[in-house]
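The values are calculated or read from the model by the stated rules, or taken from the named source; none is laboratory data. Small disclaimer: the values here were computed from a predicted structure and weren't measured. When we count neighbours, we look across all protein chains shown, and the Cβ atoms used for this are built from the backbone with ideal geometry, even at glycine. Heavy atoms of the whole protein, side chains included, go into the accessibility calculation; ligands, DNA and RNA do not. Shrake-Rupley method; radii C 1.70, N 1.55, O 1.52, S 1.80 Å.
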Amino acid sequence: QVQLVESGGGLVQAGGSLRLSCAASGRTFSIYTMGWFRQAPGKEREFVAAISRYGDSTDYSDSVKGRFAIARDNAKSTVYLQMNSLKPEDTAVYYCGATPRWPPRSKSLYDYWGQGTQVTVSS
């Protein structure tokens, strides 16, 4: 079992920045690809970004590429999502997930999820 806890969400103006964190406990963190997804009201949960077990590969959705950056610290069992140049359409609940698989874009691949953290971007 892996427990995931997200933090760092909040309210920010368009153009601002936030950094999300996802702390993991339980099984060895470094065996998992870690991903960030988001879900806006009335929409499906969608892929945002993912990072491979040792951080040598990353993947981003087209909508966030160049604005968001994912990173991990295996010593701290934590994955981060740095979000810059935020837009109102980035407003959603952001979830981190863990999967032993790559490529990482399908939410059905993920075995564990956090409870989510709300990000609201005002215009």
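A few comments on the model shown:
- Accessible area per residue was computed with a 1.4 Å probe on protein heavy atoms; residue 44 scores about 140 Å².
- Average accessible surface area per residue within the chain, 1.4 Å rolling probe, Å²: 50 Å²
- Highest-first arrangement of 79-87, 2-10, where packing means the average Cβ count within 10 Å: 79-87, 2-10
- Percentage relative contact order, the chain, counting C-alpha pairs under 8 Å, at least six apart: 36 percent
- Hull volume per residue, based on the alpha-carbon atoms of the stretch 1-41 and their convex hull, is 103 Å³.
- For the chain, alpha-carbon Rg relative to the globular expectation (2.2 N^0.38 Å, N residues): 0.97
- For the stretch 1-67, the Cβ-based charge dipole about the Cα centre amounts to some 100 debye (Lys, Arg positive; Asp, Glu negative; other atoms uncharged).
- Here's how it looks for residue 68: its modeled amide H is under 5 Å from those of 84, which are all 5 or more places away or on a different chain.
- For the chain, size of Cβ-based charge dipole, Lys and Arg +1, Asp and Glu -1, in debye: 120 debye
- Under 16 Å from residue 65, Cα to Cα: lysines that are on another chain or at least 8 residues apart: 87
- Modelled this way, with points 7 Å down the Cα-to-C-beta line, the labels at residue 43 and residue 25 are 3.2 nm from one another.
- When you count the other C-beta atoms within 10 angstrom of each residue and take the mean per peptide, 91-100, 56-65 line up highest first as 91-100, 56-65.
- Across the accessible surface of the chain, with the other protein chains kept in place and a 1.4 Å probe, carbon and sulfur atoms take up 47 percent.
- Largest accessible area first, the residues 31, 51 order themselves as 31, 51 under a 1.4 Å probe with ligands, DNA and RNA left out.
- Computed on protein heavy atoms with a 1.4 Å probe, the accessible areas place 28, 33 in the order 28, 33, largest first.
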